[in-house]
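Down below is the structure, laid out as structure tokens.
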Amino acid sequence: AEYMGVISENMSQIYVLNQNTKRESGRKAQKGNIQAGLLVADIIRTTLGPRSMLKMLLDPMGGIALTNDGNAILREIDVTHPAAKTMIDLARTQDEEVGDGTTSVIILAGEILQVAEPLLERNIHPAVIVQGYTQALEFAIKVIDKIAVPVDINDKSQLAKIIQSCIGTKFVRRWGTIMTSLALEAVLIVRRQVGERIEIDTKRYARIEKVPGGDLEDSRVLKGVMVNKDVVIATMKRKIENPRIIILDSSLEYKKSESQTNVEITKEEDFIRLLELEEQFIKQLCTDIIRLKPTVVCIEKGVSDLASHFLQKAGISVLRRLRKTDNQRIARACGATIKNRTEELQESDVGTQCGLFEVRKIGEEYFSFFENCVNPKACTILLRGASKDVLNEVERNLHDAMGITRNIILDPRLCPGGGATEMAVAHAIQAHSQKIEGLQQYAFRAVGEAIEVIPKTLATNAGAHTVRVLTELRSKHAAGLSTFGIDGDKGTIVDMKTLGVWEPLVVKTQTLKTAIESGCMLLRIDDIVSGMSKRAKQSQPEAQGPADEDMEEQ
């Protein structure tokens, strides 16, 4: 018997894998992956569209999250199946890449897997299905490029309408105009031209500060930065107009040694001399700062009482233990340079573009505001709201809105929303499938059927008669009306041009690429082996056991 695990006439079965190892192979593994993908998609299917439902998630600590954001829901869910984990990663990838379309990508990926099941049952090889899927993806992207329309990014009113239609499916749709203006203003402040390319880093330079209390209407984008800090000494100035700002990422304390140090003193004068040296060192640090006549000093690390005393005498307000990211935002907003050594400070390192520094009390906490900056390239979005849960959901929605704005500015092309683009792609794929030769034709056509899940889910969530609405929508697209889609509020078929529902091209193409490519990857899995780490853990104590006994005998 040359093959392991094969029973011959003279031999019993040979076990290659450990008894604890679970193994699923072939059709069983593929079916398991498809079912896992579908279950993940079913969790968030009802959160698509303007009539979406909310999910309440309870974490182990007893905290509650209320959301309809696909990524936020799946991030909180603990799953064990490897294929389900892969699906959840898709939502995170989509969120990081384009900031929107997290629900769509999971629903579409689930459907892409489901339409493969009948093909597998007909004994079509997974490699052939993957080939058909890849051809369909390339064709779909060409179709989307054809139906995309350009947009003028300098027209703020047009941009605002697009953002508003994109956040129409979110919890904050009631305050659509406020959220739209916040997202648009923040992205335009952060936008920076670097050579020929536009850089928009909202993650680092547009911070969202949530302060419970007040109304959501009180939310605003500051032309500058706000940090949750108060001055070090209460008598320092809390309001300075046109401040001169110095930012340090070192501490204003006496240098402590890395390891434990012992100092032997023979005379009492030596101890006094030691204290004098400490004082001289700190005085020199403060003198280096004071010679540039700043009015505000922001320090990333600690400030000793002695340093605070010297700086206060010079009329300087000090903020200490700021986060590195806060320091970077303040530096970018007021034109300062972050320095590490005080002796290297120059006039060019002082930030002078800030119009007002003020410490204000909001609720029970003190906040330092750096406002009215000249051409700031960083900002803080101040969110007010009734409770933490509301603020967390508003923050997630605002993050999506900023992602949409960034996408439009970087690639100013739009596609019709409301499932119109998906239906146009599905119709084009069905028509083109006749020209595909071989078994790939079935897989190619299956992608067209799968893409229809988006308009279908929109109609279902709006409470419409799904079959009737989809049939009517297919007939509109067959007549060449590619901008017709489903009004997610009423469940009726309307022209997206008149309704004004548009989505960025980047979101659509990214959704299709992520969903189809992940489907291809999961379909190519024909073996799942688990229990490897468990076996390794069990073998370790056994390996250590005899050695320990030998040691005791010696």
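The values are calculated or read from the model by the stated rules, or taken from the named source; none is laboratory data. Given the structure is predicted, the values throughout are model-derived calculations rather than measurements. When we count neighbours, we look across all protein chains shown, and the Cβ atoms used for this are built from the backbone with ideal geometry, even at glycine. Accessible surface is based on the protein model in full, side chains and every heavy atom, while ligands, DNA and RNA are left aside. Shrake-Rupley method; radii C 1.70, N 1.55, O 1.52, S 1.80 Å.
So which residues in the stretch 102-140 are open to solvent by less than 10 Å² (accessible area, probe 1.4 Å) and of a type in the set (S, T, N, Q), if there are any at all?
THR102
So which residues in the stretch 130-169 are in contact with a strand residue (DSSP E or B) (Cβ under 9 Å, 6 or more places away or on another chain) and basic (Lys, Arg)?
Within the stretch 130-169, LYS161 is the sole residue that qualifies.
Within the stretch 344-361, is even one residue within 28 Å of LEU182 (Cβ to Cβ), of a type in the set (Asp, Glu) and at pLDDT below 85?
Within the stretch 344-361 (the criterion being within 28 Å of LEU182 (Cβ to Cβ), of a type in the set (Asp, Glu) and at pLDDT below 85), the answer is no, since none of the residues qualifies.
Report those strands (runs of 3 or more DSSP E) wholly inside the stretch 239-346 carrying at least 3 residues which are open to solvent by 90 Å² or more (accessible area, probe 1.4 Å) and in contact (Cβ under 8 Å) with a residue 40 or more places away in the chain.
none
Kindly indicate which of THR47, THR21 is in contact with a strand residue (DSSP E or B) (Cβ under 7 Å, 6 or more places away or on another chain) and modelled with pLDDT under 70.
Of the residues listed, the single one that is in contact with a strand residue (DSSP E or B) (Cβ under 7 Å, 6 or more places away or on another chain) and modelled with pLDDT under 70 is THR21.
Which of the residues belonging to the stretch 442-458 are open to solvent by less than 10 Å² (accessible area, probe 1.4 Å), in contact with a helix residue (DSSP H, G or I) (Cβ under 6 Å, 6 or more places away or on another chain) and not β-branched (Val, Ile, Thr)?
Correct list: ALA443, PHE444, GLY448, ALA450, PRO455.
Quick one: in the stretch 85-100, of everything that is open to solvent by 10 Å² or more (accessible area, probe 1.4 Å) and touching a residue at least 12 places away in the same chain (Cβ under 8 Å), which residue is nearest to ILE404 (Cα to Cα)?
In this case the residue turns out to be ASP100.
If I ask for residues that are in contact with a helix residue (DSSP H, G or I) (Cβ under 7 Å, 6 or more places away or on another chain) and over 20 Å from LYS142 (Cα atoms), which ones from the stretch 419-441 would you list?
LEU439
Cβ-Cβ under 9 Å, sequence separation 6+ or interchain: first residue in the stretch 481-495 and farther than 16 Å from GLY168 by Cβ, partner of a type in the set (Gly, Ala, Ser) and assigned to a strand (DSSP E or B). Which pairs?
ILE493/GLY485; ASP495/GLY485
Checking the conditions here, which among GLN164, GLN158 is in a helix (DSSP H, G or I), in contact (Cβ under 8 Å) with a residue 12 or more places away in the chain and open to solvent by 60 Å² or more (accessible area, probe 1.4 Å)?
That would be GLN164, the only listed residue that is in a helix (DSSP H, G or I), in contact (Cβ under 8 Å) with a residue 12 or more places away in the chain and open to solvent by 60 Å² or more (accessible area, probe 1.4 Å).
Would you confirm, using the coordinates I've provided, whether VAL221 is at pLDDT 90 or above and touching a Phe, Trp or Tyr at 6+ places or on another chain (Cβ under 7 Å)?
No: the conditions fail for VAL221.
Consider GLN135 against the criteria (1) farther than 14 Å from LEU414 by Cα; (2) part of a helix (DSSP H, G or I); (3) under 26 Å from the mean Cα position of the chain (by Cα); (4) not β-branched (Val, Ile, Thr): it satisfies all of them except one. Which criterion is unmet?
All conditions pass for GLN135, except number (3).
Give, as residue ranges, the strands (runs of 3 or more DSSP E) completely inside the stretch 354-399 that count at least 1 residues that are small (Gly, Ala, Ser), open to solvent by less than 50 Å² (accessible area, probe 1.4 Å) and in contact (Cβ under 8 Å) with a residue 24 or more places away in the chain.
Passing ranges, in order: 365-371, 379-385.
If we scan the stretch 204-227, do we find a residue that is touching a residue at least 24 places away in the same chain (Cβ under 8 Å), buried (at least 18 other Cβ atoms within 10 Å of the Cβ) and in a helix (DSSP H, G or I)?
Taking every residue of the stretch 204-227 in turn, at least one turns out to be touching a residue at least 24 places away in the same chain (Cβ under 8 Å), buried (at least 18 other Cβ atoms within 10 Å of the Cβ) and in a helix (DSSP H, G or I).
Quick one: how many residues across the stretch 490-522 are within 20 Å of the chain's Cα centre (by Cα) and more than 21 Å from PRO150 (Cβ to Cβ)?
Residues flagged as within 20 Å of the chain's Cα centre (by Cα) and more than 21 Å from PRO150 (Cβ to Cβ) within the stretch 490-522 amount to 4.
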